[in-house]
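Okay, so here's the structure we're looking at.
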Amino acid sequence: MNFPRFVFGYHGCLEPLASDLLTGRKTVADWPVSRNKWDWLGEGIYFWEHGPARAKKWAEDKAKEAKVNGRKNPEPAVIGAVIALGNDDVFDLTDVRFAPALHGAFVIMDATFAKAGRKMPANETRDRQRHFLDCIIINSLFAIDEIREKYNVVRGAFEEGEPAFPGSTIKEQTHIQLAVRNPSVIRGVFKPVL
């Protein structure tokens, strides 16, 4: 049985996307999907679960990057969303039940790459946090019809940043992130107070 729970997700972006979604000029179905080869949860619309400050920081960094690349006065923005997470439709990387599927996908992809004489992509987690390997494994799982049709969201905990204090294994920017693959689980959007 699938009992939904609702979480608040926060999406960092640039204007005018936020205004378009908040005013209804764009619908949730029009929300751009991230398809970078390094997205650690694979393709999806990315949210920080209960993390508006982290979404704001990401949006500010994105605006600085856009300005460096010649875009005039990009404004950072954050969109809040009410997201319905069911018990049966979330591919939850914080749940040990999903580890065997990840391992199985890795074994298949590794053999496929070896047969083609190619090297598997590697994650680059030092400076840029580019998760090439994680992305290809998650996306390969979602290429399977029964997985793609069953799961609407990929959810994972992500340790990021420097230690919170000397000797700590707690990181300053650790967070839970969602990659929404089926926008129908986004039940509404709002402008958060930051």
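Yes or no: region 135-154 includes at least one residue that is touching a strand residue (DSSP E or B) at 6+ places or on another chain (Cβ under 8 Å) and open to solvent by 50 Å² or more (accessible area, probe 1.4 Å). Within region 135-154 (the criterion being touching a strand residue (DSSP E or B) at 6+ places or on another chain (Cβ under 8 Å) and open to solvent by 50 Å² or more (accessible area, probe 1.4 Å)), the answer is no, since none of the residues qualifies. The set of residues from region 76-89 being assigned to a loop (DSSP other than H, G, I, E, B) and either open to solvent by less than 60 Å² (accessible area, probe 1.4 Å) or in contact with a His (Cβ under 6 Å, 6 or more places away or on another chain) (or both) comprises Gly86, Asp89. Selection of region 37-74 for residues being under 11 Å from the mean Cα position of the chain (by Cα) and over 20 Å from Gly9 (Cα atoms) yields only Trp38. Does region 171-184 include one or more residues that are among the β-branched types (Val, Ile, Thr), touching a residue at least 40 places away in the same chain (Cβ under 8 Å) and open to solvent by 50 Å² or more (accessible area, probe 1.4 Å)? Checked against the condition, which is being among the β-branched types (Val, Ile, Thr), touching a residue at least 40 places away in the same chain (Cβ under 8 Å) and open to solvent by 50 Å² or more (accessible area, probe 1.4 Å), region 171-184 yields at least one hit.
Residues in region 115-133 that are out of contact with any strand residue (DSSP E or B) (no Cβ under 6 Å at 6 or more places or on another chain) and of a type in the set (Asp, Glu): 1 in all. Just one of the numbered conditions (1) β-branched (Val, Ile, Thr); (2) open to solvent by 70 Å² or more (accessible area, probe 1.4 Å); (3) in contact with an Asp or Glu (Cβ under 8 Å, 6 or more places away or on another chain) is not true of Val107: (3). In region 47-62 there is at least one residue matching the filter, namely being of a type in the set (A, V, I, L, M, F, W, C), under 24 Å from Gly188 (Cα atoms) and not in a helix (DSSP H, G or I).
The values are calculated or read from the model by the stated rules, or taken from the named source; none is laboratory data. Since this is a predicted model, take the numbers as computed values, not measurements. Every residue, glycine as well, gets a Cβ built from its backbone with ideal geometry; the counts of neighbours run over all protein chains shown. Note: accessible area is taken over every heavy atom of the protein model, side chains too, but ligands, DNA and RNA are not part of it. Shrake-Rupley method; radii C 1.70, N 1.55, O 1.52, S 1.80 Å.
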